[in-house]
Amino acid sequence: MSIHDSPRPVQPPVSAGFEHVNRYWDNVHKVWAAKILPGEFYVSTHGEMIVTVLGSCISACIRDKVRGIGGMNHFMLPEQGEHSSDVWGSNPTTHASRYGNWAMEYLINEIIKRGGKRENLEVKLFGGGQMIASMSDIGQRNILFAYSYLQNEGLSVAASDLGDVFARKVLYFPDTGSAKVRRIRQLQNDTIIERETEYRKQVSKPAVTDAGSIDLF
């Protein structure tokens with residue numbers, strides 16, 4: 001039996017509250033993975049890979065570098081507006097990441113709940129591209145928010161790939177802290193732009209996207 005024919009390991013158990021996240025076997029990296037969409041986040045304690053595609057959105061990849069517990073979020077807007085009509089449900093993992101302030105708070109708290117320690121946290125930031133020249137630069141607002149939030153929390157940024165005018169595909173491995181970023185300089189379709197434009201209009205509704213779009217690049 002060749003290495004390519006070797007059986008895949010058993011899928012790690014999913015943490016409570018993250019059952020809605022799409023998890024699958026990544027045959028390229030030979031690892032179980034979780035794919036998060038705008039308005040979602042995911043925390044792993046079992047060495048999974050976490051994947052997302054970003055336009056103007058931001059993903060913070062945060063982990064306890066001693067215990068290897070960590071996760072990723074994906075948010076579109078910095079903060080919930082003062083007059084927003086959003087009503088949070090009972091499950092924060094399906095609502096929190098719509099706004100950066102909730103996304104960051106819940107991601108950190110879920111890592112700590114699972115045994116992580118604040119003093120061991122390592123943070124990497126990705127995204128914030130200006131995808132449409134005619135639109136206000138929400139990407140830059142997201143970047144400024146992320147740095148401001150982390151400074152206020154006493155957390156530094158270990159690595160980042162932010163801004164400019166392209167989308168990104170991000171692969172994150174919380175157990176090792178490794179992050180792989182592919183800059184998508186030429187979109188083969190408008191899925192990312194359409195998804196983010198629609199998501200921004202309907203940010204109080206559950207995120208909807210083409211589940212296969214992440215694999216087109």
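Taking the criterion of being modelled with pLDDT under 95, farther than 21 Å from residue 64 by Cα and in a strand (DSSP E or B), would at least one residue in the range 92-101 satisfy it?
Yes: one or more hits.
Residue by residue through the range 107-127, note down the ones that are surrounded by fewer than 24 Cβ atoms within 10 Å (Cβ to Cβ) and either at pLDDT below 95 or part of a loop (DSSP other than H, G, I, E, B) (or both).
Listed by number, the residues that qualify are 114, 115, 117.
For the range 11-38, what are the residues that are surrounded by 19 or more Cβ atoms within 10 Å (Cβ to Cβ), in contact with a His (Cβ under 7 Å, 6 or more places away or on another chain) and not aliphatic (A, V, I, L, M)?
38 - this is the single residue of the range 11-38 that is surrounded by 19 or more Cβ atoms within 10 Å (Cβ to Cβ), in contact with a His (Cβ under 7 Å, 6 or more places away or on another chain) and not aliphatic (A, V, I, L, M).
Restricting the search to the range 173-186, which residues are touching a strand residue (DSSP E or B) at 6+ places or on another chain (Cβ under 8 Å) and either modelled with pLDDT under 95 or not polar (S, T, N, Q) (or both)?
The answer is 173, 174, 175, 177, 179, 180, 181, 182, 183, 184.
Residue-wise test of (1) part of a helix (DSSP H, G or I); (2) at pLDDT below 90.
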site: 136; (1), (2): no, yes
site: 151; (1), (2): yes, no
site: 168; (1), (2): no, no
site: 171; (1), (2): no, no
site: 188; (1), (2): no, yes
site: 196; (1), (2): yes, yes
site: 207; (1), (2): no, yes
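Has the range 162-181 got at least one residue that is surrounded by fewer than 18 Cβ atoms within 10 Å (Cβ to Cβ), without any contact (Cβ under 8 Å) to a residue 12 or more places away in the chain and closer than 18 Å to residue 63 by Cα?
Within the range 162-181, one or more residues are surrounded by fewer than 18 Cβ atoms within 10 Å (Cβ to Cβ), without any contact (Cβ under 8 Å) to a residue 12 or more places away in the chain and closer than 18 Å to residue 63 by Cα.
Does residue 157 meet the test of being touching a Phe, Trp or Tyr at 6+ places or on another chain (Cβ under 8 Å), modelled with pLDDT of 95 or more and either aliphatic (A, V, I, L, M) or over 10 Å from residue 60 (Cβ atoms) (or both)?
yes
So which strands (runs of 3 or more DSSP E) stay within the range 30-75 end to end and still have 1 or more residues that are farther than 15 Å from residue 178 by Cα and polar (S, T, N, Q)?
69-73
I need the full set of residues from the range 31-44 which are touching a helix residue (DSSP H, G or I) at 6+ places or on another chain (Cβ under 9 Å) and of a type outside the set (Ser, Thr, Tyr), in order please.
Hits for the range 31-44 are 35, 37, 38, 39, 40, 41, 43.
Tell me which of these residue 67 doesn't satisfy, since it passes every other one: (1) modelled with pLDDT of 90 or more; (2) under 17 Å from the mean Cα position of the chain (by Cα); (3) surrounded by fewer than 24 Cβ atoms within 10 Å (Cβ to Cβ).
Failed condition: (2).
The values are calculated or read from the model by the stated rules, or taken from the named source; none is laboratory data. As the structure is a prediction and not an experimental result, all values here were calculated from the model. Backbone-built Cβ (ideal geometry, glycine too); neighbour counts: all protein chains shown.
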